[in-house]
2 protein chains.
Amino acid sequence: VNVYAVIMAGGAGTRFWPASREKRPKQLLGLLPDAGGSPLQPRGAGESLLAATVRRLAPIAPAERVYVATGAHLAEAIAAALPEVPRAQILAEPVPRNTAPGIGWAVATVARRDPEALVAVVPSDHFVANEDEFLAAVRKALEGTRARRITTIGIAPTRAEPGYGYIELGRELSPGLHDVARFVEKPDRARAEAYVSGGKHLWNAGMFFFRARDMREAITRFLPDLAAGLDRLDEAAARGEEAEALAREFPRMPAISIDHGVMEKAPDIAVVRAADFGWSDVGSWQSAWELAEKDAEGNALPSGAVAVDARGNLVRDLREGPAARKVFALVGVSDLVVVDTGDALLVIPRERAQDVREVTRILRERGDYTLL
Amino acid sequence: VNVYAVIMAGGAGTRFWPASREKRPKQLLGLLPDAGGSPLQPRGAGESLLAATVRRLAPIAPAERVYVATGAHLAEAIAAALPEVPRAQILAEPVPRNTAPGIGWAVATVARRDPEALVAVVPSDHFVANEDEFLAAVRKALEGTRARRITTIGIAPTRAEPGYGYIELGRELSPGLHDVARFVEKPDRARAEAYVSGGKHLWNAGMFFFRARDMREAITRFLPDLAAGLDRLDEAAARGEEAEALAREFPRMPAISIDHGVMEKAPDIAVVRAADFGWSDVGSWQSAWELAEKDAEGNALPSGAVAVDARGNLVRDLREGPAARKVFALVGVSDLVVVDTGDALLVIPRERAQDVREVTRILRERGDYTLL
């Protein structure tokens, strides 16, 4: 039985402005001109989070079995970033319809090629420090699919994160594999704190594993409108007219997430209680600082920077092209994020990193799209 | 009787790094690419502090009677900044010898041209908001020179400034003109505070007015070595050999300030108790913020900047040449100075603005002279 990867690469990533832009979202960020390594990809300059995701899965799903679900406006950039993935397997959604239609389409496409396919759906913009442990968790999840269960991977929480989705563990099916009792989306802080010590809740890492035909059946049961659209896509594909059908059908598909549309409704989801594999969703500049190499004062600085009485700062020189030398000097400031992209400069405290979205909101309000 | 201006333009101005450099000190800073006006020269983009100094004095000392005392490494840049001043009147000191030798040489040069000359010595890098009041103070000071007194201008202190020099008022000689009781250099904070309310101390604005021959006599009395060197310069000039003599004599002159060498020793210095003419020594980025136009949140920002929950910040886009558009975004930061020169970026709290010298010290220590 072959495993196929469906990489979810539609994310906009405004939380990394000004590094991320609409046409260069977080998952595409890569080679960065500073000696400390990329803030988003400490594992080797030049490798984007997306490319790392594909490489990480290669022992299980090599490039010829990788599909990428993304938006039409990103398809070319993604194809360029993944030259080893066949171009036809970059699935460009004509309009954004949340995750269920994109996954449905990808699953249908895979199933046409291989009716027995196992599918791994994974985000394109997360970080994994320990790739062997990650692969072990994936293999365990694929085991779960033998019992025709859609299986997900849960990560033991190491801190209270009200922004995350949580999975409540049910009974153990086999060592490390559990029933999902329920999904809990964005708990309040008190509950998130209880989850850390309680040992019954895991972070939902947004990865799903299933037999292609099982997911199609679940869609038919819980999202019949989507299933009908996918049927019409299959019929059109058989006639060699999928592109036209896609443009017609996709905008009419229900804009719903796979979590709400399927996972939270299906009765027999399983979850792997994964060993810590150094996972991060790289959710903000704060995460980028956490993942970055830092000096003794907790600063992550471009080479040649000067820091005087400065602690806990992340400074990134992300100017493009053959940028001239620039010395970044910090005096008497702490826990700041400073990002220079040449056309924009951001200064924000680390603890407010999420609020960078306010900047993109204001630029949009101004009608100033050149920097979005 | 003609008045000649001697503009003191040797300052290095490391406190404005990265805007200021060794070859572009504070007094030369001028046209800056932001709509808010130059941080150092709110009176019109493009006019440097030096050019403003010359323009401000023009009603009393037109350009043909302006002399500029500066270092050899700055002479070309200063000549370019002051095209209306005859090139021969840019006096390039071959080595730095503090202020007394430079003033002595300038006074000797002026006296050769006009033995009856009155001389106004003024710094090149200060700011004056009210130029009419300034000229009134200068005229009053020139009156003081009739009694063969070296006369200075004192400014009523508006805040405790331990870093300044102070003048203690003696008896009133005529309305607004006083004997100097004594000079007080850098008092402690308690004394500086007492001076603000006491009404007997004025800030020393570093401007001196005198008959050229009176200063020469004072130098002869208090700095005989300097006087001897100036005599040899005069003799060489009479033979048309001043340049050679300067290279020989200047390095041997005593490296002493005019304040310590003459002003604090001469018995009959006078001081004008000036009306407030909106004086600032523009001593740091903090002063630049004070002088800048600010929005309702106290921010002085480049055009197009985005500020979210940000107050009291000074941001300067000082990139040179036809720089591409750049959006400066501040989120949740207050009272910072952010300066971007393209080859350097500085982030420092306003209240620590003086500590920018630490950065230049570190660059020098590294042997990294390109940014100094």
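The values are calculated or read from the model by the stated rules, or taken from the named source; none is laboratory data. Here the structure is a predicted model, which is why all the values come from computation and not from measurement. All Cβ positions, glycine included, derive from the backbone under ideal geometry; neighbour counts span all protein chains shown. Ligands, DNA and RNA are stripped out before the accessible areas are found, and what is left, the full protein with its side chains, is counted by its heavy atoms. Shrake-Rupley method; radii C 1.70, N 1.55, O 1.52, S 1.80 Å.
Starting from one equal scatterer on each C-alpha and no solvent at all, send me the Debye-based log10 I(q)/I(0) for the range B:280-330 at q = 0.13, 0.30 Å⁻¹, two decimals. Taken in order of the listed q values, log10 I(q)/I(0) reads -0.34, -1.16. Among A:Leu346, A:Leu230, A:Leu74, the largest mean-square fluctuation in a Gaussian network model of chain A, built with springs joining Cα atoms closer than 10 Å, belongs to A:Leu346. The P(r) of the range A:177-297 has a tail past 18 Å containing 68 percent of all C-alpha pairs. With the label put 7 angstrom out from Cα along the Cα-to-Cβ vector, B:Glu264 ends up 7.8 nm from the copy partners, going from closest to farthest. From the gyration tensor of the Cα coordinates in the range A:48-112, what semi-axes in whole Å does the equivalent ellipsoid have, largest first, with each one equal to sqrt(5λ)? Taking √(5λ) for each Cα gyration eigenvalue gives 18, 15, 10 Å.
Neighbours of A:Val180, meaning other residues whose beta-carbon lies under 14 angstrom from its beta-carbon, give a summed charge of -1 when Lys and Arg score +1 and Asp and Glu score -1. Leaving out ligands and nucleic acids, and using a 1.4 Å probe, what accessible area per residue does the range A:187-255 come to in Å²? Value for the range A:187-255: 49 Å² per residue.
Taking every DSSP beta bridge that has both ends in the protein assembly as shown, the antiparallel portion is near 50%. Just to compare against my own numbers: the Cα pair-distance distribution for the range B:308-356, 5 Å bins, whole % per bin, please. Per 5 Å bin, starting at 0, the Cα pair percentages come out as 5, 19, 28, 22, 15, 8, 1.
Translational diffusion of the range B:123-240, estimated by Stokes-Einstein from the Kirkwood radius over alpha carbon pairs at 20 °C in a medium of 1.002 mPa s, is 132 µm² per second. Heavy-atom accessible area buried between chains A and B is around 2800 Å² (1.4 Å probe, both sides summed). When the Gaussian network model of chain A links Cα atoms closer than 10 Å, the mean-square fluctuations of A:Ile269, A:Ile256, A:Ile362 top out at A:Ile362.
Distance between the C-alpha centers of the range A:66-84 and the range A:181-201? Whole Å please. Taking the Cα centre of each part, the range A:66-84 and the range A:181-201 sit 35 Å apart. Using every Cα-Cα pair within the range A:45-163, state what percent have a distance larger than 18 Å. Result: 58 percent of Cα pairs exceed 18 Å. Express in whole angstrom the spacing between the alpha-carbon centres of the range B:103-178 and the range A:304-337. Measuring centre to centre over Cα atoms gives 44 Å. When the solvent-accessible area of the protein assembly as shown is split by element, carbon and sulfur atoms take up 50 percent of it, the probe being 1.4 Å. GNM on chain A, alpha-carbon springs under 10 angstrom: the most fluctuating residue among A:Val85, A:Val196, A:Val271 is A:Val196. Its Cα gyration tensor gives the protein assembly as shown an equivalent ellipsoid; the semi-axes, largest first and in whole Å, are 73, 24, 21.
Start at zero, step by 20 Å, and the Cα-Cα distances of chain B spread as 28, 57, 15, 0 percent across the bins.
Using a 7 Å projection from Cα along Cα-to-Cβ, the label point at A:Ala63 is separated from the same position in the remaining copies by 6.7 nm, smallest value first.
In the P(r) worked out for the range B:240-372, what percent of Cα pairs fall beyond 17 Å?
73 percent
Based on protein heavy atoms only, the range B:256-372 ends up with 39 Å² per residue of surface accessible to a 1.4 Å probe. Computed from the alpha carbon positions, the gyration tensor of the range B:95-183 leads to an equivalent ellipsoid with semi-axes of 24, 19, 15 Å, biggest first. Take A:Glu185, move 7 Å from Cα toward the beta carbon, and the resulting point lies 7.2 nm from the same point in each other copy, nearest first.
Helix A:224-238 and the longest principal axis of the C-alpha atoms of chain A enclose an angle of approximately 80°. About its Cα centre, the protein assembly as shown has a charge dipole of approximately 80 debye under the convention of +1 per Lys or Arg Cβ and -1 per Asp or Glu Cβ, with nothing else charged. In the range B:86-147, the convex hull through the Cα atoms has an average projected area of 5.7 nm², a quarter of its surface area.
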